[in-house]
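K.L.:
Below is a structure I'd like to ask you about.
The values are calculated or read from the model by the stated rules, or taken from the named source; none is laboratory data. Here the structure is a predicted model, which is why all the values come from computation and not from measurement. All Cβ positions, glycine included, derive from the backbone under ideal geometry; neighbour counts span all protein chains shown. Just so you know, the surface numbers come from the protein's heavy atoms only, side chains and all, with ligands and any DNA or RNA stripped out. Shrake-Rupley method; radii C 1.70, N 1.55, O 1.52, S 1.80 Å.
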Amino acid sequence: MAGVRGAGPLVSEVGAVEKHLALIGFMGAGKSTIGREVAGRTARPFVDTDVEIERLHGPIPQLFERGEPEFRRVEEQVVAEALAGPPSVIALGGGAVLSEKTRERLRAHAFVVQMDVHPDAAWERVRGSDRPLARDEDDFRRLFAERQGVYEETAGAAAADADGTLLAALGIRMGAAAKTLSQGPLTVIADEHVLTLHEPPVEGAMHSVPAGERAKDEAVVGRLWGELELGRDETLLAFGGGSTTDVAGFVAATYLRGVDWIAVPTTLLGQVDAAIGGKTGIDTTRGKNLAGAFHFPRAVVLDQAYLTTLPDAERRAGMAEVVKTGLLAGADVWELPEGEMVRACAAYKAGVVLSDPFERTGRRTILNLGHTFGHALESASGYTVRHGDAVALGLLAALRLSGLDTQVVEKLLRPEPVAADADAAWASLKRDKKGESVFVLLEEPGRPVVTTLPDAAAREALEALIRK
Ligand SMILES: NC(=O)c1ccc[n+]([C@@H]2O[C@H](COP(=O)([O-])OP(=O)(O)OC[C@H]3O[C@@H](n4cnc5c(N)ncnc54)[C@H](O)[C@@H]3O)[C@@H](O)[C@H]2O)c1
Ligand SMILES: [Zn+2]
């Protein structure tokens with residue numbers, strides 16, 4: 001499981017973080033349609049190898065007439081060229097993985113997802129097309145069954161839609177799968193309060209941390225560094241809310257210069273936001289999250305069962321991030337049943353994260369919708385205002401400044417102006433922006449824009465969030 005022997009795991013080994021995302025599967029499985037959507041959501045180039053073959057060599061049926069081996073040779077070449085380019089989303093022709101060379105190249109350069117489809121659905125989609133291998137239903141079904149083995153053997157995960165593909169690309173799974181995620185022993189770092197409510201997902205050496213934000217502390221990290229007895233090939237598992245996954249992820253990033261970790265978030269906020277995206281860290285005496293590292297968890301397990309014990313205030317905090325996500329995505333995700341809502345939000349964040357895994361291009365900035373104002377309020381209140389409540393107010397400001405209806409935020413999050421020092425809030429906001437007044441606003445739901453604002457407008461919007 002680990003990377004270069006003795007050197008600890010490589011970040012790039014996690015999912016498609018720094019690799020191509022390759023979609024394989026039988027014809028009619030939706031590789032092209034899903035691939036195009038996933039490419040759009042991850043801002044990566046999209047290569048459809050069949051389209052590329054036709055662009056270079058003319059219609060596939062004609063190419064096939066020269067014999068399947070000739071076609072496969074051309075296909076192998078086209079896949080190799082796509083894999084030599086920048087991290088892309090690549091939809092491979094149904095038979096491409098029959099080539100041993102292609103399978104080898106995929107193993108080295110791509111995270112491979114098999115598009116799951118029922119043979120009936122696949123046949124419905126391709127019957128009557130000019131595809132050489134889709135002329136006879138019996139042949140089609142025989143080939144379908146025959147190919148499943150090689151697909152399963154080549155793929156690191158399976159998915160049936162774009163959200164599922166994005167989740168798989170960051171190792172995110174729905175449901176109670178933590179037990180099956182590691183062959184070796186797991187060492188658990190858990191929120192001490194959560195341990196009184198839920199069985200940890202795996203057996204293993206147990207290290208508890210203080211409940212909530214108090215865990216994100218230098219002294220806690222120091223204690224864990226001292227207590228842990230892991231080899232480099234072993235894996236940590238974080239069990240708790242965003243605070244626990246932040247501190248445990250940071251310990252995983254630093255202990256022995258980095259060991260693998262698995263996140264099992266137990267709060268709504270953790271499941272839709274904090275445990276996804278590879279950011280780990282703790283607070284310092286100067287402020288929140290000021291020491292940290294990018295260290296992607298090998299897997300994230302989103303299990304709704306943990307959310308049943310969540311107090312209302314914590315649920316509301318998570319809902320603020322859900323509303324943020326829905327506004328960014330342009331989808332009323334909050335209308336969905338809880339499990340689907342969590343899945344949709346996690347997948348949305350996964351897409352944005354994959355577009356800019358290490359925050360180098362600024363694409364992740366949109367995830368700060370509502371957070372610039374939110375952070376200012378948190379800081380100016382001396383962190384007596386809860387993050388979720390501050391974000392709810394920040395979303396209100398962002399919608400107002402965008403000239404959009406604020407009803408969703410008001411109905412779902414019921415934000416109330418908070419007690420905070422207005423000058424301190426303004427100073428904090430300017431500090432957060434490092435002098436530049438750049439904000440995330442919305443042209444409309446689903447169309448975030450990063451833009452500047454005149455100081456006067458920003459300050460007025462901020463002050464409207466503060467109790468007079
Ligand atoms: N790394 C990131 O990208 C990222 C993103 C967003 C937020 N965060 C961080 O996440 C932290 C907030 O995390 P959070 O909101 O998940 O809360 P949390 O981890 O601070 O926990 C809040 C409270 O909920 C309790 N709790 C946790 N799970 C519970 C459960 N299932 N039932 C009952 N009680 C439970 C905890 O014991 C604690 O008292 C902040 O420190 C924030 O900075 C990180
Ligand atoms: Zn947030």
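K.L.:
If you fit an axis through the alpha-carbon atoms of helix 338-355 and take the longest principal axis of the Cα set of the chain, what angle between them do you get, 0 to 90°, nearest 10?
P.N.:
Approximately 80 degrees, to the nearest ten.
K.L.:
List the trypsin sites (Lys or Arg not before Pro) in region 183-242 that DSSP assigns to loop (not H, G, I, E or B) and whose Cβ has at most 11 other Cβ atoms within 10 Å. Which are they?
P.N.:
Counting only loop positions with at most 11 other Cβ atoms within 10 Å, none of the trypsin sites (Lys or Arg not before Pro) in region 183-242 qualifies.
K.L.:
Only four residue types carry charge here, +1 at the Cβ of Lys and Arg and -1 at the Cβ of Asp and Glu. Report the dipole size of region 1-145 about the Cα centre in Debye, rounded to the nearest 20. Working shown, then result.
P.N.:
On the way: 20 positive and 23 negative charges, 94 e Å.
Using Cβ point charges on Lys, Arg, Asp and Glu, region 1-145 gives about 460 debye.
K.L.:
While we're here: Probe radius 1.4 Å, ligands and nucleic acids ignored: give me the carbon and sulfur share of the accessible area of the chain as a rounded percent.
P.N.:
With neighbouring chains kept in place, the figure for the chain is 49 percent.
K.L.:
Please list L170, L401 from largest to smallest accessible area, probe radius 1.4 Å, with all protein chains kept in place.
P.N.:
Descending accessible area places them as L401, L170.
K.L.:
Follow-up question, since we're still on this one. Would you mind working out the magnitude of the charge dipole of region 90-152 relative to its Cα centre, with +1 at each Lys and Arg C-beta and -1 at each Asp and Glu C-beta, to the nearest 20 Debye?
P.N.:
Dipole of region 90-152, to the nearest 20 debye: 300 debye.
K.L.:
Based on the Cβ-Cβ distance from T406 to R214, what FRET efficiency comes out when R0 is 35 Å, to the nearest 0.05?
P.N.:
0.55
K.L.:
Turning to a different aspect of this structure: Apply the a/c threshold of 1.5 to the C-alpha gyration tensor of the chain and tell me whether it is rounded, prolate or oblate.
P.N.:
Working: a/c = 2.18, a/b = 1.55, b/c = 1.40.
Since a/c reaches 1.5 and a/b is larger than b/c, the shape of the chain is classed as prolate.
K.L.:
Suppose only helical runs count, i.e. DSSP H with n ≥ 4. What mean residue ellipticity at 222 nm does that imply for the chain under -39500 (n - 2.57) per run, divided by all residues and rounded to the nearest 500 deg cm²/dmol?
P.N.:
Using -39500 (n - 2.57) per qualifying helix, the result is -13500 deg cm²/dmol.
K.L.:
Taking the Cα centre of region 176-320 as origin, sum charge times position over the Cβ atoms of Lys and Arg (+1) and Asp and Glu (-1), and report the length of that vector in debye to the nearest 20.
P.N.:
Around 380 debye, computed over region 176-320.
K.L.:
Going by average Cβ neighbours within 10 Å, how do the peptides 293-302, 197-206 rank, with the highest at the top?
P.N.:
293-302, 197-206
K.L.:
Something else: Anything over 27 Å Cα to Cα? Flag those among K349/K411; K31/K279; K31/K349, in the order listed.
P.N.:
Where the Cα-Cα span goes over 27 Å, the pairs concerned are K31/K279.
K.L.:
In region 98-140, if the dipole is taken from +1 on Lys/Arg beta carbons and -1 on Asp/Glu beta carbons about the Cα centre, which of A134, W123, L98 is farthest to the positive end?
P.N.:
L98
K.L.:
Rounding to the nearest 10 and keeping the result within 0 to 90°, find how far the Cα-based axis of helix 218-227 lies from the longest principal axis of the chain.
P.N.:
The angle comes out at about 50 degrees.
K.L.:
Roughly how tilted is helix 422-432, in degrees to the nearest 10 and between 0 and 90, from the longest Cα axis of the chain?
P.N.:
30
K.L.:
Using a 1.4 angstrom probe, figure out how much accessible area the chain has per residue, in square angstrom, rounded to the nearest whole.
P.N.:
Values: 20680 Å² over 468 residues.
Result: 44 Å² per residue.
K.L.:
Restricting to bridges with both residues inside the chain, how much of the DSSP beta-bridge set is antiparallel, in percent to the nearest 5?
P.N.:
Working: 11 of 46 bridges.
That works out to approximately 25 percent antiparallel.
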